[in-house]
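To keep things clear, I will list the structure first and then write my remarks on it.
The values are calculated or read from the model by the stated rules, or taken from the named source; none is laboratory data. Because the structure is a prediction, the values reported are computed rather than measured. Note that we place each Cβ from the backbone using ideal geometry, even for glycine, and neighbour counts take in every protein chain shown.
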Amino acid sequence: MDLSTIVFWLLLLCLVIYSIAIYNTLVTLKNRYLNAFAQIEVQLKRRYDLIPNLVETAKGYMAHERETLEAVINARNDAATILKAMSNGNLSKVELGKLASAEGTLSGALGKLNVTMEAYPDLKANENMMQVSEELITTENRVAFARQGFNDAVMAYNSYRQSFPPVLLARKFGHPEDASLLTFDDSAQIQAAPQVTF
């Protein structure tokens, strides 16, 4: 074998190894953002589990506010349904948009419930209500933290996928498009923890 043949095979070997490294990095970064979404999913499920307790506690005091209570439960059920549909890993921009919209509706319904509950001082002083509201506030903070982790993981994936040379190979390796961030319609409101006062 002459020197040029050895150099050719060494370059080809290096190219193959580098391609494998790119593939493995894309897979690792994708798995990180999928795992980060799983963390959001856990916190949102926790939130969805707390909301019926909140509504149930409020029912006894707010018999005349049935429409408000039903709006909260319906918004919660819609958001939970969308989240469940996404559990298969479908984190497309459309699906994330649906989740963001459902979460916005749910936050609006909870906000209306909070305003309505201001007229019920006995409810605000109820020990169960205070405990549920504290858990809900803690969960909202966890959701925000998990969402930030998800968006950070998506940014890392997208940055790597768009860089050179991975951008040349990403489609061939099954990574045809950038991942989508999870953003909400009212990001200023979302960044602040909800004010749940009872």
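What the table below lists for this structure:
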{"read-out": "Residues located in region 48-72, provided they are surrounded by 17 or more Cβ atoms within 10 Å (Cβ to Cβ) and either in a helix (DSSP H, G or I) or at positive phi (or both)", "value": "Tyr48, Leu50, Ile51, Leu54, Val55, Thr57, Ala58, Thr68, Leu69, Ala71, Val72"}
{"read-out": "Unmet criterion (only one of (1) assigned to a helix (DSSP H, G or I); (2) modelled with pLDDT of 85 or more; (3) surrounded by 13 or more Cβ atoms within 10 Å (Cβ to Cβ)) for Ser133", "value": "(2)"}
{"read-out": "Some residue of region 58-66 being without any contact (Cβ under 8 Å) to a residue 24 or more places away in the chain and within 12 Å of the chain's Cα centre (by Cα)", "value": "no"}
{"read-out": "Test: Asn90 is of a type outside the set (A, V, I, L, M, F, W, C), exposed (fewer than 15 other Cβ atoms within 10 Å of the Cβ) and in contact (Cβ under 8 Å) with a residue 60 or more places away in the chain", "value": "no"}
{"read-out": "Unique residue being among the basic types (Lys, Arg) and either closer than 18 Å to Glu135 by Cβ or not in a helix (DSSP H, G or I) (or both) when the list is Lys45, Lys98, Lys84, Lys112", "value": "Lys45"}
{"read-out": "Qualifying residue in region 80-88 (condition: farther than 21 Å from Tyr33 by Cβ and more than 16 Å from the chain's Cα centre (by Cα))", "value": "no"}
